[in-house]
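Enquirer: This is the structure I want to talk about, given as structure tokens.
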């Protein structure tokens, strides 16, 4: 069975009376060259535990299973799970299929990697969950995402909340661009393979919740100068030019601002631990 062959993919979906569902962002990858590049980029070994988000019928899953120790396949669409079970039954001892929303998934407490063709509308929440809101971050993330989002994350000249999510915790690069024709049904946007290697330690010394609360405050009116969203007193204390725009600030700048805004809370957290 070749799930990158549109005819064979249609056949197995038809067998179960299914079709791609727009509400789940289902655009199934049907380009073997792209599939192989994703797997190569993930740099897998037989010791690796992998979390796959939205495996669908299992085209990527079938490539991951023989190369890893175990795959946690997190699929929100209950109806497509029988298809996934059929397409991966040869490796049933190496796969755990979970019918769950990825944002409710319990993050593993052991080292793991994420490899996935993710629902594009969940890119930011997924990065927030696995990078910002946990201490159990993956070793790496290899994701198929919207091209514009990948470029936004990797833009060295202009920061955003999304790029900060990544830059604080890891190093991102665009491995390759992917055509709409590589999917069934084809999406309306171009895609990119994005690789994020996670640092051993974050680039900030304060708790992420304070750092990102400050950044969120600054980016609430991102096209305006900082003085429109953050008080002049805080900016003066942080030694930051009030006429700068939030996208021009560095990680170090945001950490200074966070320390000035949440001075007492940060002092308490640092004393505790």
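Enquirer: Going through the range 256-273 one residue at a time, which ones are part of a loop (DSSP other than H, G, I, E, B) and surrounded by fewer than 19 Cβ atoms within 10 Å (Cβ to Cβ)? Lay out the reasoning, then the answer.
Expert: The first filter runs over the range 256-273 and keeps only residues part of a loop (DSSP other than H, G, I, E, B), leaving 262, 273.
Listed by number, the list holds a single entry, 273.
Enquirer: Same structure again: Looking only at the range 164-192, which residues are more than 19 Å from residue 28 (Cβ to Cβ) and in contact with a strand residue (DSSP E or B) (Cβ under 8 Å, 6 or more places away or on another chain)? Working first, answer last.
Expert: Filtering the range 164-192 for residues more than 19 Å from residue 28 (Cβ to Cβ) gives 164-175.
Across the range 164-192, the qualifying residues are 166, 169, 170, 171, 172, 173, 174, 175.
Enquirer: Within the range 205-234, which residues are in contact (Cβ under 8 Å) with a residue 60 or more places away in the chain and not in a helix (DSSP H, G or I)?
Expert: Of everything in the range 205-234, those that are in contact (Cβ under 8 Å) with a residue 60 or more places away in the chain and not in a helix (DSSP H, G or I) turn out to be 206, 207, 222.
Enquirer: Could I ask something else about it? Residue 161 - would you say it is closer than 13 Å to residue 25 by Cβ, touching a helix residue (DSSP H, G or I) at 6+ places or on another chain (Cβ under 8 Å) and touching a residue at least 24 places away in the same chain (Cβ under 8 Å)?
Expert: Numbers: closer than 13 Å to residue 25 by Cβ: no; touching a helix residue (DSSP H, G or I) at 6+ places or on another chain (Cβ under 8 Å): yes; touching a residue at least 24 places away in the same chain (Cβ under 8 Å): yes.
The answer is no for residue 161.
Enquirer: Restrict the check to the range 6-25 and report whether at least one residue is crowded, with 16+ Cβ neighbours inside 10 Å and free of Cβ contacts under 8 Å to residues at least 60 places away in the same chain.
Expert: So far as the range 6-25 goes, no, none of its residues is crowded, with 16+ Cβ neighbours inside 10 Å and free of Cβ contacts under 8 Å to residues at least 60 places away in the same chain.
Enquirer: Can you tell me which residue among 253, 243 is in a helix (DSSP H, G or I) and either within 28 Å of the chain's Cα centre (by Cα) or loosely packed, with under 14 Cβ neighbours inside 10 Å (or both)?
Expert: Numbers: 243 fails: in a helix (DSSP H, G or I).
Within the list 253, 243, the selection yields 253.
Enquirer: Pick out, from the range 1-73, the helices (runs of 4 or more DSSP H) lying fully within it that include 1 or more residues that are assigned by TED's automatic domain parsing to the domain that holds residue 106 and more than 23 Å from residue 178 (Cα to Cα). Before the answer, list the steps.
Expert: Numbers: elements: 6-15, 32-42, 59-64.
Passing ranges, in order: 6-15.
Enquirer: Test residue 195 against the stated conditions and say whether it is at pLDDT 95 or above, assigned to a loop (DSSP other than H, G, I, E, B) and either in contact with a helix residue (DSSP H, G or I) (Cβ under 6 Å, 6 or more places away or on another chain) or surrounded by 19 or more Cβ atoms within 10 Å (Cβ to Cβ) (or both).
Expert: Working: at pLDDT 95 or above: yes; assigned to a loop (DSSP other than H, G, I, E, B): no; either in contact with a helix residue (DSSP H, G or I) (Cβ under 6 Å, 6 or more places away or on another chain) or surrounded by 19 or more Cβ atoms within 10 Å (Cβ to Cβ) (or both): yes.
The answer is no for residue 195.
The values are calculated or read from the model by the stated rules, or taken from the named source; none is laboratory data. Computed from a prediction, not measured in an experiment: that's the story for all the values here. Cβ: placed from backbone, ideal geometry, glycine included. Neighbour counts: every protein chain shown.
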